[in-house]
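Each remark here refers to the structure printed beneath this line.
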Amino acid sequence: MSVTEQVEFTEEELLADAPVAEPLLAGGVRCHGGFDDEGRYVSPRTKHRVPAIEAWGKRHTELFGKPLIDVPIDTWGEHFPNVEQARFLVRSGVPEPLIATLTRIGTVEGLGANIRLLKPSGLQRHFVEDIRGTAIDHLGRGLFEAHGRDEAGWEAEAGHKDMWFAARDIAFGTESPHIDIEAMLARMGFGPRSGAGAFAERLLPADIEHELEVMASLMIRVLFIEISAFHTFRWAEAWLSDTELVAGEGEAARLVSYIRADETPHVGYLATALTEMRDRTWIGEGGKRYEGADMIDRLWHHHLALSLGDNREQTRRAVLGEVEHWCRKRPNGDDILAEFHALGSEAA
Ligand SMILES: [Fe+2]
Ligand SMILES: [Fe+2]
């Protein structure tokens with residue numbers, strides 16, 4: 001590492017926007033980010049955050065000689081429904097499950113902002129090795145906050161949640177009065193009781209501070225969601241860009257591509273901080289030491305199994321439920337459903 005490379009940043013710096021020539025507007029809504037002089041999209045809060053993530057990663061591999069965690073997108077299968085099934089639903093006059101899916105994605109993005117509630121400080125007490133100049137040390141000083149603002153918006157600027165809703169409304173128009181959004185979200189598992197007890201089970205030794213486990217678990221779960229979401233972006237961009245299929249002259253797909261660009265620093269800082277934690281020695285509350293690799297592995301395997309198994313199945317069932325719900329409202333619903341399944345990539 002060159003000694004001049006900056007690895008200490010203030011919260012203000014990590015939240016600072018790079019200059020833009022023009023703001024991003026989505027369906028008349030002012031969003032975060034914008035465009036530079038050449039019309040290229042610039043993600044929000046990346047002036048220092050992006051070079052910081054790169055510098056921390058480089059510094060880590062130089063100090064520890066270990067590569068950064070890399071999770072291939074192929075770990076997860078493609079989106080359900082697939083692109084052909086999505087096109088088929090719109091062409092068959094059953095766009096509601098897709099409207100529901102875009103609403104669901106926006107809602108999940110908004111919930112992702114909860115990561116900013118962690119606000120960790122004094123994390124050095126958990127690790128033997130110095131954490132100065134690391135992503136770990138900046139999690140509670142700008143990184144979680146920037147992430148939360150990107151997902152849910154901040155002050156006058158809309159974030160991913162509203163960008164997905166805007167993409168939906170651009171593609172399908174806002175006149176969908178027959179869709180009760182609240183009822184749809186409830187059918188898809190978003191309600192007052194959803195998500196309760198997610199952290200009830202301890203996976204790490206009892207003397208590892210509970211808050212540290214909660215934080216590392218959430219970071220791993222969010223990392224998996226962020227990476228698998230690239231399938232969702234690819235999927236949504238494929239059919240939202242079809243100007244013969246949906247309205248908006250490709251605007252909805254462009255919005256999704258901006259959201260996709262914004263996610264790269266999320267994956268970057270989470271993977272970097274988790275790598276730094278993996279390669280350090282952890283300290284239990286009584287002073288007992290643990291290999292970070294062992295701690296991260298335990299959480300990693302548990303959450304990866306959920307992500308590839310139960311969680312995926314739950315989402316699939318929720319989406320399929322919407323498809324069936326709306327197809328049944330059509331006189332030829334059974335035929336539409338049969339053809340929908342025939343276009344599927346996986347067994348029904
Ligand atoms: Fe997002
Ligand atoms: Fe994200």
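The values are calculated or read from the model by the stated rules, or taken from the named source; none is laboratory data. Values in this document were obtained by computation on a predicted structure and should not be read as measured data. Neighbour counts run over all protein chains shown; Cβ positions are idealised from the backbone, glycine included. Just the protein is used for accessible areas: all its heavy atoms, side chains included, with ligands, DNA and RNA removed. Shrake-Rupley method; radii C 1.70, N 1.55, O 1.52, S 1.80 Å.
Return yes when T243 is more than 18 Å from D70 (Cα to Cα) and not aromatic (F, W, Y) and no when it is not. Working first, answer last.
Working: more than 18 Å from D70 (Cα to Cα): yes; not aromatic (F, W, Y): yes.
The answer is yes for T243.
Of all residues in the stretch 28-46, none are open to solvent by 70 Å² or more (accessible area, probe 1.4 Å), more than 15 Å from T264 (Cα to Cα), in a helix (DSSP H, G or I) and not hydrophobic (A, V, I, L, M, F, W, C).
A quick yes/no check of all residues on (1) under 30 Å from H301 (Cβ atoms); (2) touching an Asp or Glu at 6+ places or on another chain (Cβ under 6 Å):
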residue: E38; (1), (2): no, no
residue: V42; (1), (2): no, yes
residue: G57; (1), (2): yes, no
residue: H60; (1), (2): yes, yes
residue: L68; (1), (2): yes, no
residue: P72; (1), (2): yes, no
residue: W76; (1), (2): yes, no
residue: H79; (1), (2): yes, no
residue: F88; (1), (2): no, no
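Scanning the stretch 263-274 for any residue that is out of contact with any His (no Cβ under 9 Å at 6 or more places or on another chain), open to solvent by 10 Å² or more (accessible area, probe 1.4 Å) and closer than 18 Å to R104 by Cβ turns up nothing.
Among the residues of the stretch 210-241, write down those that are open to solvent by 40 Å² or more (accessible area, probe 1.4 Å) and touching a residue at least 60 places away in the same chain (Cβ under 8 Å). Talk me through it step by step, then tell me what you get.
Restricting attention to the stretch 210-241, the residues satisfying the condition of being open to solvent by 40 Å² or more (accessible area, probe 1.4 Å) are 210-211, 221, 225, 230, 234, 241.
Scanning the stretch 210-241 gives E211, R221, I225, F230, R234.
The numbered conditions (1) without any contact (Cβ under 8 Å) to a residue 60 or more places away in the chain; (2) touching an Asp or Glu at 6+ places or on another chain (Cβ under 8 Å); (3) of a type outside the set (A, V, I, L, M); (4) surrounded by fewer than 17 Cβ atoms within 10 Å (Cβ to Cβ) are all true for G110 except (4). On the stretch given as the stretch 242-265, residues that are within 11 Å of ligand 1 (Cβ to nearest atom) and either without any contact (Cβ under 8 Å) to a residue 24 or more places away in the chain or of a type in the set (S, T, Y) (or both) total 2. Across the stretch 124-161, the qualifying residues are those that are in contact (Cβ under 8 Å) with a residue 24 or more places away in the chain, farther than 27 Å from L25 by Cβ and in a helix (DSSP H, G or I), and the one among them that is farthest from ligand 2 (Cβ to nearest atom) is R125.
Within the stretch 60-78, how many residues are farther than 22 Å from I220 by Cβ and either surrounded by 17 or more Cβ atoms within 10 Å (Cβ to Cβ) or under 20 Å from the mean Cα position of the chain (by Cα) (or both)?
First, the residues of the stretch 60-78 that are farther than 22 Å from I220 by Cβ: 62-63, 65, 78.
With either surrounded by 17 or more Cβ atoms within 10 Å (Cβ to Cβ) or under 20 Å from the mean Cα position of the chain (by Cα) (or both) added as a condition, the list becomes 78.
Residues meeting the conditions: 1.
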